[in-house]
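Quick notes on the structure that follows.
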Amino acid sequence: MTIEAPPSDLDLSGEAYALASEEILFLYEMMTLVRRLDERMLGLQRQGRIGFYGACTGQEAAVIGSAFALKKKDWVFPGLREGAAMLLRGFPLSLYLCQIFGNEGDLLKGRQMPCHYSDRSVNQVSWGSCVGTQIPQAAGAAWGMKFGKELSHESRESPIVMCYFGEGATSEADFHVGANFAGVFNLPVVFFCQNNQWSISVSRDRQTASPTIAQKALAYGFPGVQMDGNDIFEVYRVTRAAVERARRGNPTLLEALTYRMGAHTSSDDPRLYRDPQEAEEWAKRDPISMCRKRLESQGIWSQKEQDSLETRISDQISRALRKAEGRPSPPGKTLFQDVFAEMPWHLREQMALLEGTDNACV
Ligand SMILES: Cc1ncc(C[n+]2csc(CCOP(=O)(O)OP(=O)(O)O)c2C)c(N)n1
């Protein structure tokens, strides 16, 4: 018996989600900002000014195009490479950089590794660093949203959850747990896999015997779609369809075919395990160049606009860096805070010792 995909209400018809010219320009500018930011941050890391960095170079269309399909009230459960979704959704660049420095301006108080951004103002939680853990967390949050809607008896459109991960994460038990749960309980979640072909040094072919990541959805009873993750128009169109389906209370798995053009992180050197020719081939499909070509063909972009954009972005990053870098570390006592509603005596004692007083013992 041949197993067929379940019938789905996923509407992938092209025209439904066409982008206006101003929106395309905005998305192009965001992708360029992300690329330049990555370049600057990797430079800072090499100069010893930040400890670690994970770039999304080559994957900008997948991140920016998909995040643009969300509404402000929706929640994002990212992996390592989707921090820029926060910038797209209005998070200030200088605070974003404070997170990378882990200084007193960092809303997370320096408790996370660089690039593990999060803030309530943009409904984005932090990646936990353990590959795939965000998947059951996202399913759980989506379950909560479904409950909330049912309990409130309101017809108001409820938020949905966007969960990002790499293709490597689909080999983790957490992927299967989260996908199974979402399928059984019909949860308002979009599982967005950035298939960037490499999980550090493990190639996609050694990762799974499944011909596509998208088809893994079939086992859990919901649709899976593979798309060109370097084509921002396609990413937006397909993601919008999946987001609309999530709003109707149903999950979808998306697989964005893309490529990690740089190293896994600042701690990695891909020359040790992959053929440079492969990267050269993918560079021909650089998502930013592809979008630029489209803008040029529409007559709304030229070298003049590009030059002015580059200056604007360079100034924007420099301004934000001046604001963020050099701020002191978070106060030592923050080590003890935000865990207990009432701090136990032994932590009060240690906090006082750290602050140079001993009156916490009384
Ligand atoms: C449970 C677990 N195993 C291993 C690691 C080490 N590690 C960090 S990122 C990574 C690769 C992840 O690959 P993928 O999910 O494809 O995402 P990508 O980094 O390519 O975006 C690994 C193995 C980890 N952080 N957590």
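The values are calculated or read from the model by the stated rules, or taken from the named source; none is laboratory data. Remember, it's a predicted structure, so these values are computed and weren't measured experimentally. In this analysis, Cβ positions are derived from the backbone assuming ideal geometry, glycine residues included, and neighbour counts consider all displayed protein chains.
Summed over the range 313-344, residues that are among the small types (Gly, Ala, Ser), modelled with pLDDT under 95 and surrounded by 15 or more Cβ atoms within 10 Å (Cβ to Cβ) total 0. Among the residues of the range 141-168, those that are touching a residue at least 12 places away in the same chain (Cβ under 8 Å), away from the ligand (no atom under 16 Å from the Cβ) and over 18 Å from LYS72 (Cβ atoms) comprise TRP143, LYS146. Entry remark, the range 108-126: residues being touching a helix residue (DSSP H, G or I) at 6+ places or on another chain (Cβ under 6 Å), within 16 Å of the ligand (Cβ to nearest atom) and over 20 Å from GLN316 (Cβ atoms) number 0 in total. Within the range 170-216, the residues that satisfy the criterion of being part of a helix (DSSP H, G or I), within 12 Å of the ligand (Cβ to nearest atom) and closer than 12 Å to LEU253 by Cβ are THR170, PHE175. ALA214 fulfils the conditions (1) surrounded by fewer than 20 Cβ atoms within 10 Å (Cβ to Cβ); (2) under 30 Å from THR265 (Cβ atoms) except for a single criterion, (1). Residues in the range 217-232 that are within 16 Å of the ligand (Cβ to nearest atom) and crowded, with 22+ Cβ neighbours inside 10 Å were compared, and the one that is farthest from the chain's Cα centre (by Cα) is ASN230.
Taking the listed residues GLU342, GLU296, the one that is among the acidic types (Asp, Glu) and under 30 Å from LEU19 (Cα atoms) is GLU296, with no other qualifying.
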